[in-house]
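Since every read-out is calculated from the coordinates, none of them should be taken as a lab result. Since the structure is predicted, the reported quantities are computational estimates derived from the model, not experimental observations. Cβ sites come from the backbone with ideal geometry, for glycine too, and all protein chains shown count toward neighbours.
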Amino acid sequence: MPLMIGLTGGIGSGKTTAANFFSDLGVDIIDTDVISHELTEPQGGAIAAIREVFTSKFITAEGALKRKEMRGLIFSDSNARQKLEAILHPLIRAEVSHRVELVSSVYGIVVVPLLLETGQYRDLIGRVLVVDCSEHDQIARAMARPGLGEQTVRAIMATQYSREERLQKADDVILNTSDMAHLERQISVLHRKYIALASRS
C-alpha cells in the first residue's frame, strides 16, 4: 500500500482547497465528502437504509437525500446523527479502502473531516495533516457557502475537535491564514517531504 496522508481540519479551514493543490501536483485524492455525496445521490448505496431508518420524508422524489432537512435534524438531535453515521461511515470506509488500492501516485491523500474524531482510518493513514486557521476564519468561510448560517456552522464545529486538539494530534500542519500563494508554498514543501518519506517506506 502506498503512503497515505490523512488530511483533516475543521469546517471552513480549507481542506478542499489544499487537496486541490495536491491534486495539481499529481497526487491521487480520496475525499470522503465526495464519497458521502455519491452514496446519497439518487439511488445511491445509502438511500435504502436512510429511507428505512428516517422514512421517505428525508428522500426526494428523485431518490436522493434531502441534505438541508437532514442537516437540520442531525445537528439538533445527536441520536439522529449517530444513526446516520452508523449507516454512512461503514459504507464510506469500505469505498475508501477500495480506492486506496487503486492509488497510482507516489503517495495518496484521504480527506476526512472527522479523521481524528472517529479514529476509523488509523490503519490506512501514515501521517495526519491538519489544515489550520482561526475559528473566526472558519465561521466566516463556512457561512459563505449556500445554506449555512452561523448557528449551523457553530453546531457543526461543536461535533468536531477544537483547534488545539487537532494541532496536538497533527504530524504536519498547513497554516491557511494568508493568501493562496502562501498555502501553495507550504504544500510544495510537504509534497517533497512526502515523496521522500514514500520512497523510504
Query - Cα lying deepest toward the dipole's positive end in the chain, options LEU190, LEU124, GLN82, charges on Cβ - result: GLN82
Requested in this report: Considering only MET70, MET157, MET180, give the residue with the highest GNM mean-square fluctuation for the chain, with springs between Cα atoms whenever their separation is below 10 Å.
Outcome: MET180
Query raised in the report: Each residue of region 30-43 in order: what ³J(HN,Hα) in whole Hz does its phi give by Karplus 6.51 cos²θ - 1.76 cosθ + 1.60, θ = phi - 60°, with x for Gly and Pro?
Result: 10, 10, 5, 5, 4, 4, 4, 5, 4, 5, 10, 6, x, 6
Query raised in the report: Around VAL110, which amide H atoms from residues at least 5 apart in sequence, or from another chain, sit under 5 Å from its own amide H, with H modelled in the peptide plane?
Result: ILE5, GLY6, LEU7, ILE30
Report task. Just need log10 I(q)/I(0) for region 74-187 at q = 0.11, 0.13, 0.14 Å⁻¹, Debye formula, equal scatterers on the alpha-carbon atoms, no solvent, rounded to two decimals. Result -> -0.46, -0.64, -0.75
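I want the antiparallel fraction of DSSP beta bridges within region 3-200, as a percent rounded to 5. All intermediate terms of the calculation are to be shown ahead of the outcome.
Details: 1 of 18 bridges.
About 5 percent, rounded to the nearest 5.
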Requested in this report: Work out from phi, with θ = phi - 60° and the Karplus expression 6.51 cos²θ - 1.76 cosθ + 1.60, the ³J(HN,Hα) of each residue of region 104-112, listed in order in whole Hz, and give x for Gly and Pro.
Outcome: 10, 7, 4, 9, x, 10, 10, 8, 9
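Can I get the semi-axes of region 1-95's equivalent ellipsoid? Compute them from the C-alpha gyration tensor as square roots of 5 times the eigenvalues, in angstrom, largest first. Intermediate values should be presented prior to the final figure.
Details: eigenvalues 153, 44, 33 Å².
Result for region 1-95: semi-axes of 28, 15, 13 Å.
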Report summary line: So, for the Cα atoms of the chain, Rg and Dmax in Å stand at 17.3, 52
Requested in this report: Using 0.36 nm per residue of separation minus the Cα-Cα distance, give me the extension gain between HIS136 and LYS193 in nm, one decimal.
Outcome: 17.5 nm
Query raised in the report: Using only helices, what value at 222 nm comes out for the chain when you add -39,500 (n - 2.57) per DSSP H run of length 4 or more and divide by the total residues, to the nearest 500 deg cm²/dmol?
Result: -16000 deg cm²/dmol
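The chain: longest stretch without exposed GluC sites (Glu not before Pro) (DSSP loop, at most 14 other Cβ within 10 Å), sites themselves excluded?
Values: sites that count: GLU62, GLU101.
The segment 102-201 is the longest one with no such site.
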Query raised in the report: When only Cα pairs under 8 Å and 6 or more residues apart are kept, what is the percent relative contact order across the chain?
Result: 36 percent
